[in-house]
Amino acid sequence: DLIDILDGEEFDERPVDLRAFVQSPDYLGLPPLSEYQYTLIEKSSQIYKESTLVKLFGEDEGVRMFKQTANEVVAQLGKGSGKDYCSTISVAYIVYLLLCLKDPATYYGKPPGDSIDIINIAINSQQANNVFFKGFKTRIDKSPWFTGKYEAKASEMKFDKAITVHSGHSEREAWEGYNVIVIILDEISGFATENTTGHEQAKTGGAIYDMYRASVDSRFPDFGKVILLSFPRYKNDYIQQRYNDVVAEKE
(Lines give C-alpha, C1' and ligand atoms only; values in the text may rest on other atoms or scores of the structure.)
Protein backbone atom coordinates (compact mmCIF):
# COMPACT_ATOMS: atom_id res chain seq x y z
CA ASP A 1 0.00 0.00 0.00
CA LEU A 2 2.80 2.38 0.94
CA ILE A 3 4.54 1.77 -2.39
CA ASP A 4 1.29 2.42 -4.26
CA ILE A 5 0.89 5.75 -2.43
CA LEU A 6 4.47 6.75 -3.21
CA ASP A 7 4.47 5.58 -6.79
CA GLY A 8 1.73 3.59 -8.43
CA GLU A 9 3.72 3.04 -11.60
CA GLU A 10 6.56 0.64 -10.89
CA PHE A 11 5.54 -2.38 -8.82
CA ASP A 12 3.11 -5.26 -8.90
CA GLU A 13 4.66 -6.49 -5.65
CA ARG A 14 7.09 -4.99 -3.17
CA PRO A 15 10.35 -6.99 -3.45
CA VAL A 16 12.14 -8.32 -0.37
CA ASP A 17 15.86 -7.78 0.19
CA LEU A 18 18.47 -10.35 -0.83
CA ARG A 19 18.88 -12.07 2.55
CA ALA A 20 15.14 -12.56 2.96
CA PHE A 21 14.95 -13.90 -0.62
CA VAL A 22 17.74 -16.42 0.01
CA GLN A 23 16.67 -17.64 3.46
CA SER A 24 12.89 -17.29 3.68
CA PRO A 25 10.93 -20.50 2.97
CA ASP A 26 8.54 -18.33 0.90
CA TYR A 27 11.34 -17.77 -1.64
CA LEU A 28 14.48 -19.95 -1.94
CA GLY A 29 14.59 -21.31 1.63
CA LEU A 30 18.38 -21.83 1.59
CA PRO A 31 20.87 -21.78 4.48
CA PRO A 32 22.57 -18.42 5.15
CA LEU A 33 25.49 -17.59 2.87
CA SER A 34 28.88 -16.15 3.77
CA GLU A 35 29.40 -12.37 3.62
CA TYR A 36 31.64 -12.81 0.56
CA GLN A 37 28.87 -14.73 -1.19
CA TYR A 38 26.25 -12.10 -0.31
CA THR A 39 28.56 -9.38 -1.68
CA LEU A 40 29.09 -11.31 -4.92
CA ILE A 41 25.33 -11.83 -5.40
CA GLU A 42 24.48 -8.23 -4.49
CA LYS A 43 27.00 -6.92 -7.05
CA SER A 44 25.69 -9.38 -9.65
CA SER A 45 21.99 -8.64 -9.19
CA GLN A 46 21.54 -4.89 -8.53
CA ILE A 47 19.35 -3.79 -11.44
CA TYR A 48 17.12 -1.08 -9.91
CA LYS A 49 17.35 2.70 -10.29
CA GLU A 50 18.52 4.70 -7.27
CA SER A 51 15.12 6.37 -6.84
CA THR A 52 13.46 2.92 -6.73
CA LEU A 53 15.86 1.64 -4.06
CA VAL A 54 15.36 4.73 -1.92
CA LYS A 55 11.57 4.26 -2.09
CA LEU A 56 11.90 0.60 -1.11
CA PHE A 57 14.60 0.67 1.55
CA GLY A 58 14.97 4.30 2.69
CA GLU A 59 17.54 6.96 1.81
CA ASP A 60 20.69 5.55 3.45
CA GLU A 61 20.19 1.91 2.51
CA GLY A 62 18.90 2.80 -0.97
CA VAL A 63 21.97 4.91 -1.74
CA ARG A 64 24.27 2.18 -0.32
CA MET A 65 22.59 -0.47 -2.48
CA PHE A 66 22.76 1.69 -5.60
CA LYS A 67 26.51 2.01 -5.11
CA GLN A 68 26.66 -1.78 -5.52
CA THR A 69 25.53 -1.40 -9.15
CA ALA A 70 28.22 -2.91 -11.36
CA ASN A 71 28.48 -3.35 -15.12
CA GLU A 72 31.03 -6.09 -14.70
CA VAL A 73 31.74 -8.67 -12.01
CA VAL A 74 35.02 -10.62 -12.08
CA ALA A 75 34.67 -13.61 -9.76
CA GLN A 76 38.11 -15.24 -9.69
CA LEU A 77 37.44 -17.89 -7.07
CA GLY A 78 38.92 -21.23 -6.13
CA LYS A 79 37.34 -24.62 -6.67
CA GLY A 80 34.63 -25.35 -4.12
CA SER A 81 33.98 -21.66 -3.42
CA GLY A 82 30.33 -21.92 -4.49
CA LYS A 83 30.60 -19.60 -7.50
CA ASP A 84 28.12 -21.62 -9.60
CA TYR A 85 25.77 -21.87 -6.62
CA CYS A 86 25.99 -18.08 -6.17
CA SER A 87 25.38 -17.48 -9.88
CA THR A 88 22.14 -19.51 -9.80
CA ILE A 89 20.96 -17.47 -6.79
CA SER A 90 21.96 -14.21 -8.51
CA VAL A 91 19.95 -15.04 -11.63
CA ALA A 92 16.95 -16.19 -9.55
CA TYR A 93 17.04 -12.86 -7.67
CA ILE A 94 17.34 -10.84 -10.90
CA VAL A 95 14.30 -12.65 -12.35
CA TYR A 96 12.42 -12.05 -9.09
CA LEU A 97 13.25 -8.31 -9.12
CA LEU A 98 12.11 -8.04 -12.75
CA LEU A 99 8.85 -9.92 -12.08
CA CYS A 100 8.05 -7.59 -9.17
CA LEU A 101 7.93 -4.67 -11.64
CA LYS A 102 4.64 -3.96 -13.41
CA ASP A 103 6.35 -3.89 -16.81
CA PRO A 104 10.10 -4.57 -16.71
CA ALA A 105 10.66 -3.40 -20.30
CA THR A 106 8.97 -0.03 -19.73
CA TYR A 107 11.02 0.45 -16.53
CA TYR A 108 14.20 0.38 -18.65
CA GLY A 109 12.79 2.62 -21.38
CA LYS A 110 11.97 -0.21 -23.82
CA PRO A 111 8.65 -0.78 -25.63
CA PRO A 112 5.98 -2.30 -23.32
CA GLY A 113 6.20 -6.09 -23.15
CA ASP A 114 9.63 -6.21 -24.84
CA SER A 115 11.62 -9.32 -24.02
CA ILE A 116 14.47 -9.35 -21.49
CA ASP A 117 17.07 -12.13 -21.68
CA ILE A 118 19.63 -13.53 -19.25
CA ILE A 119 22.19 -15.90 -20.77
CA ASN A 120 24.70 -18.23 -19.12
CA ILE A 121 27.49 -19.17 -21.55
CA ALA A 122 29.37 -22.38 -20.72
CA ILE A 123 32.36 -23.92 -22.50
CA ASN A 124 30.30 -26.77 -23.98
CA SER A 125 26.76 -28.12 -24.00
CA GLN A 126 27.45 -30.69 -21.28
CA GLN A 127 28.64 -28.05 -18.82
CA ALA A 128 25.75 -25.77 -19.84
CA ASN A 129 23.15 -28.38 -18.93
CA ASN A 130 24.80 -30.07 -15.96
CA VAL A 131 26.12 -27.15 -13.95
CA PHE A 132 24.30 -23.82 -14.24
CA PHE A 133 20.95 -24.83 -15.72
CA LYS A 134 20.43 -27.83 -13.46
CA GLY A 135 21.19 -25.73 -10.36
CA PHE A 136 19.09 -22.79 -11.50
CA LYS A 137 16.09 -24.97 -12.34
CA THR A 138 16.35 -26.60 -8.90
CA ARG A 139 16.30 -23.17 -7.19
CA ILE A 140 13.17 -22.14 -9.14
CA ASP A 141 11.31 -25.47 -8.92
CA LYS A 142 11.66 -25.55 -5.12
CA SER A 143 10.57 -21.95 -4.57
CA PRO A 144 6.89 -21.42 -3.68
CA TRP A 145 7.04 -17.81 -4.99
CA PHE A 146 7.82 -18.86 -8.58
CA THR A 147 5.03 -21.46 -8.80
CA GLY A 148 2.92 -20.84 -11.89
CA LYS A 149 5.14 -18.03 -13.15
CA TYR A 150 7.36 -19.98 -15.57
CA GLU A 151 7.66 -22.74 -18.14
CA ALA A 152 10.80 -24.89 -18.29
CA LYS A 153 12.21 -26.12 -21.61
CA ALA A 154 15.34 -28.12 -22.51
CA SER A 155 17.80 -25.23 -22.27
CA GLU A 156 15.73 -22.22 -21.25
CA MET A 157 13.17 -21.12 -18.71
CA LYS A 158 10.46 -18.72 -19.86
CA PHE A 159 8.98 -16.54 -17.13
CA ASP A 160 6.00 -14.20 -17.11
CA LYS A 161 6.47 -10.67 -18.50
CA ALA A 162 8.66 -11.91 -21.41
CA ILE A 163 11.69 -12.73 -19.23
CA THR A 164 13.77 -15.72 -20.38
CA VAL A 165 16.85 -17.38 -18.86
CA HIS A 166 18.92 -19.25 -21.46
CA SER A 167 21.59 -21.87 -20.89
CA GLY A 168 24.01 -21.49 -23.78
CA HIS A 169 27.51 -22.55 -24.72
CA SER A 170 30.31 -21.23 -26.87
CA GLU A 171 29.99 -24.01 -29.46
CA ARG A 172 26.84 -22.51 -30.94
CA GLU A 173 26.71 -19.32 -32.96
CA ALA A 174 26.57 -15.97 -31.21
CA TRP A 175 23.35 -15.04 -29.46
CA GLU A 176 22.39 -12.24 -31.81
CA GLY A 177 19.10 -10.38 -31.54
CA TYR A 178 18.51 -11.02 -27.84
CA ASN A 179 17.71 -8.24 -25.37
CA VAL A 180 20.45 -9.26 -22.96
CA ILE A 181 20.54 -7.63 -19.52
CA VAL A 182 22.98 -10.13 -17.94
CA ILE A 183 25.56 -12.46 -19.48
CA ILE A 184 27.43 -14.97 -17.32
CA LEU A 185 30.66 -16.26 -18.87
CA ASP A 186 31.03 -19.50 -16.95
CA GLU A 187 34.54 -20.91 -16.47
CA ILE A 188 35.92 -18.27 -18.82
CA SER A 189 39.48 -19.47 -18.11
CA GLY A 190 38.66 -22.70 -19.91
CA PHE A 191 38.64 -20.75 -23.18
CA ALA A 192 41.90 -20.18 -25.07
CA THR A 193 43.75 -16.93 -24.37
CA GLU A 194 45.43 -16.77 -27.78
CA ASN A 195 44.10 -17.18 -31.30
CA THR A 196 46.04 -20.03 -32.90
CA THR A 197 43.63 -20.64 -35.80
CA GLY A 198 44.33 -17.50 -37.83
CA HIS A 199 40.56 -16.91 -37.96
CA GLU A 200 39.73 -13.46 -36.63
CA GLN A 201 36.52 -14.72 -34.99
CA ALA A 202 38.17 -17.62 -33.15
CA LYS A 203 36.53 -18.16 -29.79
CA THR A 204 39.20 -17.02 -27.39
CA GLY A 205 38.25 -15.76 -23.94
CA GLY A 206 38.92 -12.19 -25.07
CA ALA A 207 36.84 -12.48 -28.26
CA ILE A 208 33.88 -13.98 -26.38
CA TYR A 209 34.10 -11.29 -23.70
CA ASP A 210 34.28 -8.45 -26.27
CA MET A 211 31.30 -9.78 -28.23
CA TYR A 212 29.00 -10.13 -25.21
CA ARG A 213 30.22 -6.92 -23.58
CA ALA A 214 29.13 -5.00 -26.70
CA SER A 215 25.79 -6.82 -26.79
CA VAL A 216 24.93 -5.94 -23.17
CA ASP A 217 26.18 -2.34 -23.47
CA SER A 218 24.05 -1.67 -26.54
CA ARG A 219 20.85 -2.81 -24.82
CA PHE A 220 21.17 -1.98 -21.12
CA PRO A 221 24.06 0.49 -20.78
CA ASP A 222 23.22 1.49 -17.19
CA PHE A 223 22.29 -1.81 -15.57
CA GLY A 224 23.44 -4.55 -17.94
CA LYS A 225 26.12 -6.85 -16.57
CA VAL A 226 28.83 -9.18 -17.78
CA ILE A 227 29.74 -11.65 -15.03
CA LEU A 228 32.97 -13.63 -15.38
CA LEU A 229 33.23 -16.77 -13.24
CA SER A 230 36.24 -19.04 -13.07
CA PHE A 231 38.92 -20.62 -10.96
CA PRO A 232 42.35 -19.66 -12.36
CA ARG A 233 43.78 -22.54 -14.39
CA TYR A 234 47.31 -21.16 -14.85
CA LYS A 235 49.21 -17.94 -14.25
CA ASN A 236 47.88 -15.08 -16.38
CA ASP A 237 44.98 -17.04 -17.88
CA TYR A 238 41.96 -15.03 -19.05
CA ILE A 239 40.25 -14.45 -15.67
CA GLN A 240 43.59 -13.33 -14.18
CA GLN A 241 44.20 -10.98 -17.11
CA ARG A 242 40.74 -9.44 -16.73
CA TYR A 243 41.06 -9.22 -12.94
CA ASN A 244 44.47 -7.52 -13.20
CA ASP A 245 43.19 -5.10 -15.88
CA VAL A 246 40.28 -4.04 -13.68
CA VAL A 247 42.49 -3.64 -10.60
CA ALA A 248 44.87 -1.49 -12.69
CA GLU A 249 41.91 0.64 -13.88
CA LYS A 250 40.72 1.11 -10.30
CA GLU A 251 44.16 2.09 -9.06
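The values are calculated or read from the model by the stated rules, or taken from the named source; none is laboratory data. In this text, all values refer to a predicted model and were calculated from it rather than measured experimentally. Note that each Cβ is placed from the backbone with ideal geometry, even for glycine, and that neighbours are counted across all protein chains shown. Areas reflect the complete protein model, heavy atoms only, side chains present, ligands, DNA and RNA absent. Shrake-Rupley method; radii C 1.70, N 1.55, O 1.52, S 1.80 Å.
Before moving on, here are some points about what is shown:
- Every residue from the stretch 50-82 that is in contact (Cβ under 8 Å) with a residue 40 or more places away in the chain and charged (D, E, K, R): 55, 72, 79
- Scan of the stretch 226-251 for residues that are out of contact with any strand residue (DSSP E or B) (no Cβ under 9 Å at 6 or more places or on another chain), touching a residue at least 12 places away in the same chain (Cβ under 8 Å) and part of a helix (DSSP H, G or I), ordered by number: 241
- Filtering the stretch 43-63 to residues that are surrounded by fewer than 20 Cβ atoms within 10 Å (Cβ to Cβ) and on the phi < 0 side of the Ramachandran plot leaves 43, 49, 50, 51, 54, 55, 57, 59, 60, 61, 62, 63.
- Filter result (of a type in the set (Val, Ile, Thr), touching a strand residue (DSSP E or B) at 6+ places or on another chain (Cβ under 7 Å) and at pLDDT 90 or above) within the stretch 113-155: 116, 118, 119, 140
- For the stretch 64-83, a residue qualifies if it is in a helix (DSSP H, G or I) and open to solvent by less than 40 Å² (accessible area, probe 1.4 Å), and the qualifying residues are 65, 83.
- Some residue of the stretch 120-127 being within 21 Å of residue 191 (Cα to Cα), of a type in the set (S, T, N, Q) and not in a helix (DSSP H, G or I): yes
- Residue 55 falls short on exactly one of the conditions (1) in contact with a strand residue (DSSP E or B) (Cβ under 7 Å, 6 or more places away or on another chain); (2) in a helix (DSSP H, G or I), and that condition is (1).
- Residue check, residue 25 within 26 Å of residue 147 (Cβ to Cβ), surrounded by fewer than 13 Cβ atoms within 10 Å (Cβ to Cβ) and not basic (Lys, Arg): yes
- Residue 158 falls short on exactly one of the conditions (1) open to solvent by less than 20 Å² (accessible area, probe 1.4 Å); (2) at pLDDT 95 or above; (3) assigned to a strand (DSSP E or B), and that condition is (1).
- Among the criteria (1) aromatic (Phe, Trp, Tyr); (2) open to solvent by 40 Å² or more (accessible area, probe 1.4 Å); (3) modelled with pLDDT under 90, the one residue 178 does not fulfil is (3).
- Yes/no for residue 204 being of a type in the set (Val, Ile, Thr), open to solvent by 30 Å² or more (accessible area, probe 1.4 Å) and either modelled with pLDDT under 90 or out of contact with any strand residue (DSSP E or B) (no Cβ under 8 Å at 6 or more places or on another chain) (or both): no
- Failed item, numbered, when residue 105 is tested on (1) open to solvent by less than 60 Å² (accessible area, probe 1.4 Å); (2) farther than 17 Å from residue 223 by Cα; (3) of a type in the set (Gly, Ala, Ser): (2)
- In the stretch 161-174, residue modelled with the highest pLDDT [restricted to those that are over 23 Å from residue 89 (Cβ atoms) and open to solvent by less than 60 Å² (accessible area, probe 1.4 Å)]: 170
- Filter pass, residue 87 being assigned to a helix (DSSP H, G or I), in contact (Cβ under 8 Å) with a residue 40 or more places away in the chain and of a type outside the set (A, V, I, L, M): yes
- Taken residue by residue, the stretch 85-96 has at least one member that is small (Gly, Ala, Ser), within 12 Å of the chain's Cα centre (by Cα), open to solvent by less than 20 Å² (accessible area, probe 1.4 Å) and under 20 Å from residue 13 (Cα atoms).
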